[in-house]
Amino acid sequence: QVQLVESGGGLVQAGGSLRLSCAASGRTFGIYAIYPMGWFRQAPGKEREFVAAINWSGGTTSYADSVKGRFTISRDNAKNTVYLQMNSLKPEDTAVYYCARRSGAMVLSTERSEYDYWGQGTQVTVSS
């Protein structure tokens with residue numbers, strides 16, 4: 001059973017920065033750690049949307065247009081941890097942020113349905 005635990009969310013002013021962490025554990029994750037990891041977010045009244053994804057080595061990444069140039073996804077496999085560095089935050093970035101593991105493929109995906117394990121989410125609030 002894979003367990004994903006997000007941390008690092010909080011309240012920040014527009015233009016500020018936050019770094020989210022996603023710590024993974026469980027033997028299933030260890031066996032399938034080669035699969036990509038992703039970050040999604042869900043704003044009030046909105047559907048959950050793709051933010052960023054990263055492959056096993058960190059050499060391939062993908063970003064939603066809305067965060068490109070501001071957010072950076074990275075991973076430290078020795079620590080079984082994925083990070084999301086968020087800079088130049090905007091009020092529209094306010095959401096619950098979730099990390100997730102790609103299901104059954106090496107190819108990066110932007111689709112929520114193509115991830116199998118999810119964290120509980122961490123709240124990010126950006127004030128004007």
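Within segment 94-124, the set of residues being open to solvent by less than 60 Å² (accessible area, probe 1.4 Å), small (G, A, S) and not in a loop (DSSP other than H, G, I, E, B) comprises A95, A100. Screening segment 46-62 for residues that are of a type outside the set (S, T, N, Q) and farther than 17 Å from S113 by Cα and picking the one that is least open to solvent (accessible area, probe 1.4 Å) gives G58. Checked against (1) farther than 18 Å from C22 by Cα; (2) out of contact with any Lys or Arg (no Cβ under 8 Å at 6 or more places or on another chain), I73 passes all but condition (1).
Here is a yes/no grid of residues against (1) exposed (fewer than 13 other Cβ atoms within 10 Å of the Cβ); (2) in contact with a Lys or Arg (Cβ under 7 Å, 6 or more places away or on another chain); (3) touching a residue at least 60 places away in the same chain (Cβ under 8 Å); (4) in a loop (DSSP other than H, G, I, E, B):
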| site | (1), (2), (3), (4) |
| --- | --- |
| Q1 | yes, no, no, yes |
| V5 | no, no, yes, no |
| L11 | yes, no, yes, no |
| G16 | no, no, yes, yes |
| R19 | no, no, yes, no |
| A33 | no, no, no, yes |
| W39 | no, no, yes, no |
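Can you confirm whether segment 75-84 contains a residue that is of a type in the set (G, A, S) and in contact with a strand residue (DSSP E or B) (Cβ under 9 Å, 6 or more places away or on another chain)? There is no residue in segment 75-84 that is of a type in the set (G, A, S) and in contact with a strand residue (DSSP E or B) (Cβ under 9 Å, 6 or more places away or on another chain).
Looking for whichever is more than 16 Å from L4 (Cβ to Cβ) and more than 11 Å from the chain's Cα centre (by Cα) here; the options are N55, N77. Which one fits? Can you show your working first?
On the way: N77 fails: more than 16 Å from L4 (Cβ to Cβ).
Answer to the check: N55.
Only one of these is at pLDDT 95 or above and on the phi > 0 side of the Ramachandran plot: S109, S62, S88, S66. Name it. So that I can check it myself, show each step before the final result.
Values: S109 fails: on the phi > 0 side of the Ramachandran plot; S62 fails: on the phi > 0 side of the Ramachandran plot; S66 fails: on the phi > 0 side of the Ramachandran plot.
Going through S109, S62, S88, S66 in turn, just one is at pLDDT 95 or above and on the phi > 0 side of the Ramachandran plot: S88.
The values are calculated or read from the model by the stated rules, or taken from the named source; none is laboratory data. Keep in mind that what you see is a predicted model, and the values were worked out from it rather than measured. In this analysis, Cβ positions are derived from the backbone assuming ideal geometry, glycine residues included, and neighbour counts consider all displayed protein chains. Accessible surface is based on the protein model in full, side chains and every heavy atom, while ligands, DNA and RNA are left aside. Shrake-Rupley method; radii C 1.70, N 1.55, O 1.52, S 1.80 Å.
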